[in-house]
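The values are calculated or read from the model by the stated rules, or taken from the named source; none is laboratory data. Note that the structure is a prediction, hence the values are computed from the model and not measured. Cβ sites come from the backbone with ideal geometry, for glycine too, and all protein chains shown count toward neighbours.
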Amino acid sequence: MNIGQAARATGVSAKMIRYYDEIGLVRPANRTDSNYREYDARQVNELKFIKRARSLGFSVPEITRLLSLWRDRERPSREVKAIAEKHLAELDARIAEMQAMADTLRHLAHCCAGDDRPDCPILADLTGEAPA
């Protein structure tokens, strides 16, 4: 299939497919006589794999390693699990940071009168001033 068909089949834009090809994330597509890319079922499956991995927040280097493990039918699953657990720990840390930010903003918004007066604990906090 051509790049447009591969994009529709995988949900990965043609621009991203070209990028993945350029950085070597996917195996190079065969070329027609007129130099158009052609994708086979294996490459389409790899693009679907990449799309799902991206939707789970894996980075390009992580996906590169996961693809390598996926292609290796003799691989031990412990390597895959280690990558997933490391990524999960990073996600948990980011979630905790975001929850702390939300808690702080919730508290500041609660403390702000939101009226016609100029004093605002939100702005005071952003400038590093102690709330009045």
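Structure notes:
- Test result for residue 90, closer than 30 Å to residue 45 by Cβ and either in the same structural domain as residue 20 (by TED's automatic domain parsing) or part of a loop (DSSP other than H, G, I, E, B) (or both): no
- Matching residues in the range 2-12 - criterion: being surrounded by 13 or more Cβ atoms within 10 Å (Cβ to Cβ) and under 20 Å from residue 67 (Cα atoms): 6, 7, 9, 10, 12
- Residue among 28, 61, 76 that is of a type outside the set (Val, Ile, Thr), out of contact with any Pro (no Cβ under 7 Å at 6 or more places or on another chain) and over 29 Å from residue 92 (Cα atoms): 28
- Output for the range 49-100, where each listed residue is among the basic types (Lys, Arg) and within 26 Å of residue 21 (Cα to Cα): 51, 52, 54, 65, 71, 73, 75
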